[in-house]
Amino acid sequence: MQKTEYKSRNYNTYVIIFLIFVFYIQFSTQFSIPLFASEANSASSDISQAGKSWQQKLDDSMTELRQLQEEIKNKKIPLNKELNELEDELIEARSEYQKVTRILEGRSLEQVNLRSEIQSLKDEKSYLLNSLLDPYVRSFETRLHIAETRRYSKSVENARLAVGNDNLSDIEVYQAQAALVSDSLDRLLEALGGTRFEGSAIDSSGMVKQGLFLITGPVALFRSQDGKAVGTVEQRLGSVEPTLVGFESQELTKAAEGLIQSGTGYLPIDPSLGNAHKIEAMTETLSEHIKRGGPVMYPILILAAAALIVAIYKWVDLMRIRKPSEKRISELLVAVAEHDDKKAAAEAAAVGGPTGAMLSIGVEHIKEPSALIEEVMYEKILIAKIKLQSLLPFIAISAAASPLLGLLGTVTGIINTFKLITIFGSGDVKMLSGGISEALITTEYGLIVAIPSLLLHAFLSRKARGMVSRMEKAAIAFINQISKTPYKKDDISELLEKIPSQVADEVLRIISGNNLSENNFQEYSEDSAGSVMDSTVVSIDSASTVADAINRIRNSEIDENLTVVFVVDEHGKYMGDVYINKLLTRPEQTRISSVVDTNTLFVRIDTSKEKVRDLFSKYNLNMMPVLNYDNQLVGRITADSVNGNGLIKRSLER
């Protein structure tokens, strides 16, 4: 209704605007302003006529407008009524649409629920068939006793084949599996009191016998129809038929036979469920076990026996060696300190063993230089060490070789296994067990021999090293004691007696010419620094001046190229040296103590030639002082003397 009224108002407005516009056009084209009075009167009459004409037209238009409005008003009521009817129909249609929509939504939800329920039922069916019944069928087949295999073979086969048969419906598959479940439940009920059924079994001679089975719990008994074969039933490796194992006693055989026939009586029970027979069948003696290891076992056993014999012999040998007494060694050192040679020899002999022999040889050379005594004692230590460690490498070799022999047996066993696989295939595991046993047994015995051999070698080697260490300890204590209380000779007669008379005279002349007394001449080892040193040295007191040092150099009879002057204190102990070019650059009244270099190298009288030679080579020295163990300067060594020119040789050449 509102839309109809709005259209009517618009229509009237348009009509009025149109009439005004037409009136304006006609007025503007037909009338104009007159210039004269006559024209004005004429124009006035025209305007009057035009006004009437237009008034008439306006009235006609208004009349037409009223007619149109009346017509619109008359048509507006039925149109509004029709509009109301249409709106009622629309509301009813919308209500019907909403009702139908709700019905459709409810049906869609029901359809989704039905689909979900259908899928749930399908999943439940799949779970029932695949996750419960199918695994149950497989598990049931494996849990059957070998005597029951034929009895339930048809039910098991039907249930197992039904799953993969596409021609069967789900209901038929379910029925086949449910039949097996029913049989398994009946089996459980029968197992409570035991059940009997006919079947066949293989006796000890390998013949198939027909008879009667009795199964109660895990125990299965069998009696043949002729009554000759009675016993428990087991499954043997590689056989799909039940195997009969007879009883050891006649009493058990009769009890089992009566129970099978009558269904009542005493039940012979094997607590191990047949495993005892299997274990007994696999039991083997030591010789059989070794034979299964193959030919490599013989060298392993020979090596083990040899290593054991050597270890026992060596242990007995080491136990027989006398351990040195600390008290005896202490008494020996006291005798050495007192220079009592007889008592020292007696104490060394009383120590006994290789340590006593070593100390005895040291006492024999006690008046020799320390380096010589050390060498002869070290020689005894080496001899004892070689004897103590003899045969021990054989035990170590046995410990190393045994696992290698075991590995060799492993390789040969695996090779034999692969040969059998090539010929017979891998189906029969029992046929392959020979090669596998050979491989494992040789490895086992290789380790059995190696581990004890390794432990024995470690034990005996440690014991031998302990004895050598005690010898070295005693030798070091002996040498240190000699160094603290060295033996000196009162004259040089023995030395001069060992050389020709002409050479001896020349030596005496040189000694007297250098103001050396026989009391200062000592005997040194040929390999020591004392044997190659020169006793003629240029030394100056630390309290002297540079002028005194230069005068001392001028008055010396040394015709060699001097580079340094040695400095000593008032007691003759070595302090250091001063280079001659340094003296020449200092004032004459300068004290030697202010220019002395105390950080210098020196050697002892018993230092080995090799060490002296290394020092000269390492530091590129021309001269080095030689000190005794009181730190007194006793000589010097030049680079030429290190190369083999001793004091006597140089003196004779001069």
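The values are calculated or read from the model by the stated rules, or taken from the named source; none is laboratory data. The shown structure was predicted, so the numbers you read here are calculated from the model rather than taken from an experiment. Heads up, the Cβs are rebuilt from the backbone with ideal geometry, glycines too, and the neighbour counts pull from every protein chain shown. Please note that ligands, DNA and RNA were not included when accessible areas were found on the heavy atoms of the full protein model with its side chains. Shrake-Rupley method; radii C 1.70, N 1.55, O 1.52, S 1.80 Å.
Every residue, every condition in (1) charged (D, E, K, R); (2) in a helix (DSSP H, G or I); (3) open to solvent by 60 Å² or more (accessible area, probe 1.4 Å), yes or no:
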site	(1), (2), (3)
126	no, yes, no
147	no, yes, no
157	yes, yes, yes
197	no, no, no
210	no, no, yes
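Counting the residues of the range 384-402 that are in contact with a helix residue (DSSP H, G or I) (Cβ under 8 Å, 6 or more places away or on another chain) and open to solvent by 50 Å² or more (accessible area, probe 1.4 Å) gives 6.
Inclusion of residue 231 among residues that are under 16 Å from residue 149 (Cβ atoms) and either outside any loop (DSSP other than H, G, I, E, B) or acidic (Asp, Glu) (or both) is not warranted.
Listed here are the residues, each with its yes/no results for (1) of a type in the set (D, E, K, R); (2) part of a helix (DSSP H, G or I); (3) modelled with pLDDT of 80 or more.
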residue: 12; (1), (2), (3): no, yes, no
residue: 16; (1), (2), (3): no, yes, no
residue: 45; (1), (2), (3): no, yes, no
residue: 64; (1), (2), (3): yes, yes, yes
residue: 70; (1), (2), (3): yes, yes, yes
residue: 98; (1), (2), (3): no, yes, yes
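Of these, 312, 300, 321, which one is farther than 30 Å from residue 441 by Cα and out of contact with any Asp or Glu (no Cβ under 8 Å at 6 or more places or on another chain)?
Values: 312 fails: farther than 30 Å from residue 441 by Cα; 300 fails: farther than 30 Å from residue 441 by Cα.
Going through 312, 300, 321 in turn, the sole match is 321.
So, in the range 58-102, of the ones that are under 30 Å from residue 16 (Cα atoms) and hydroxyl-bearing (Ser, Thr, Tyr), which residue ends up least open to solvent (accessible area, probe 1.4 Å)? The extreme case among them is 61. Here the range 393-442 is the region considered, the condition is being of a type in the set (D, E, K, R) and at pLDDT below 75, and the residue that is farthest from residue 287 (Cα to Cα) is 428.
Hey, among the residues in the range 449-464 that are without any contact (Cβ under 8 Å) to a residue 60 or more places away in the chain and closer than 23 Å to residue 412 by Cα, which one's least open to solvent (accessible area, probe 1.4 Å)? This residue is 450.
Kindly evaluate residue 216 against the criterion of being under 17 Å from residue 247 (Cβ atoms), hydroxyl-bearing (Ser, Thr, Tyr) and in contact (Cβ under 8 Å) with a residue 12 or more places away in the chain.
Values: under 17 Å from residue 247 (Cβ atoms): yes; hydroxyl-bearing (Ser, Thr, Tyr): yes; in contact (Cβ under 8 Å) with a residue 12 or more places away in the chain: yes.
Yes: the conditions hold for residue 216.
For the range 159-179, the tally of residues that are assigned to a loop (DSSP other than H, G, I, E, B), among the hydroxyl-bearing types (Ser, Thr, Tyr) and either closer than 26 Å to residue 210 by Cβ or open to solvent by 80 Å² or more (accessible area, probe 1.4 Å) (or both) stands at 0.
Pull out all pairs, ordered by first then second residue, where Cβ-Cβ is under 7 Å, the residues are six or more apart or on different chains, the first lies in the range 395-421 and is within 28 Å of residue 314 (Cβ to Cβ), and the second is open to solvent by 60 Å² or more (accessible area, probe 1.4 Å). Filtered contacts from the range 395-421: 395/456; 399/454; 403/447; 406/447.
Considering only the range 109-120, I want to know if a residue exists there that is more than 30 Å from residue 159 (Cβ to Cβ) and among the charged types (D, E, K, R). Scanning the range 109-120, I find at least one residue that is more than 30 Å from residue 159 (Cβ to Cβ) and among the charged types (D, E, K, R), so the answer is yes.
Once the range 236-270 is narrowed to residues that are out of contact with any strand residue (DSSP E or B) (no Cβ under 9 Å at 6 or more places or on another chain), at pLDDT 70 or above and in a loop (DSSP other than H, G, I, E, B), the residue that is most open to solvent (accessible area, probe 1.4 Å) is 266. Annotation: of all residues in the range 595-609 being open to solvent by 80 Å² or more (accessible area, probe 1.4 Å) and free of Cβ contacts under 8 Å to residues at least 24 places away in the same chain, the one that is farthest from residue 633 (Cα to Cα) is 599.
Every condition in (1) crowded, with 17+ Cβ neighbours inside 10 Å; (2) touching an Asp or Glu at 6+ places or on another chain (Cβ under 9 Å); (3) β-branched (Val, Ile, Thr) holds for residue 355 except the one numbered (2).
Say we look at the range 532-558 and pick out the residues that are among the small types (Gly, Ala, Ser) and in contact with a strand residue (DSSP E or B) (Cβ under 9 Å, 6 or more places away or on another chain); which of these is surrounded by the fewest Cβ atoms within 10 Å (Cβ to Cβ)? Reasoning before the result, please.
Residues of the range 532-558 among the small types (Gly, Ala, Ser): 535, 539, 542-544, 547, 549, 556.
Keeping just the survivors that are in contact with a strand residue (DSSP E or B) (Cβ under 9 Å, 6 or more places away or on another chain) gives 535, 539, 542-544, 549.
Details: 535: 17, 539: 18, 542: 17, 543: 11, 544: 16, 549: 24.
Ranking the qualifying residues of the range 532-558, first place goes to 543.
Quick check on this structure: which one of 374, 364, 368 is free of Cβ contacts under 8 Å to residues at least 60 places away in the same chain, over 29 Å from residue 453 (Cβ atoms) and open to solvent by 40 Å² or more (accessible area, probe 1.4 Å)?
Details: 374 fails: free of Cβ contacts under 8 Å to residues at least 60 places away in the same chain; 368 fails: free of Cβ contacts under 8 Å to residues at least 60 places away in the same chain.
Selected residue: 364, the only one of 374, 364, 368 that is free of Cβ contacts under 8 Å to residues at least 60 places away in the same chain, over 29 Å from residue 453 (Cβ atoms) and open to solvent by 40 Å² or more (accessible area, probe 1.4 Å).
Report yes if residue 585 is among the polar types (S, T, N, Q) and either within 25 Å of residue 528 (Cβ to Cβ) or surrounded by 17 or more Cβ atoms within 10 Å (Cβ to Cβ) (or both), otherwise no. Against the criterion (among the polar types (S, T, N, Q) and either within 25 Å of residue 528 (Cβ to Cβ) or surrounded by 17 or more Cβ atoms within 10 Å (Cβ to Cβ) (or both)), residue 585 does not qualify.
Every residue in the range 612-637 that is over 58 Å from the mean Cα position of the chain (by Cα) and either outside any strand (DSSP E or B) or at pLDDT below 85 (or both), please.
Pass one, the range 612-637, residues over 58 Å from the mean Cα position of the chain (by Cα): 622-623, 625-628, 630-637.
Hits for the range 612-637 are 622, 628, 630, 631.
Can residue 186 be described as out of contact with any Lys or Arg (no Cβ under 7 Å at 6 or more places or on another chain), open to solvent by 20 Å² or more (accessible area, probe 1.4 Å) and not in a loop (DSSP other than H, G, I, E, B)? For residue 186, the condition - out of contact with any Lys or Arg (no Cβ under 7 Å at 6 or more places or on another chain), open to solvent by 20 Å² or more (accessible area, probe 1.4 Å) and not in a loop (DSSP other than H, G, I, E, B) - is met.
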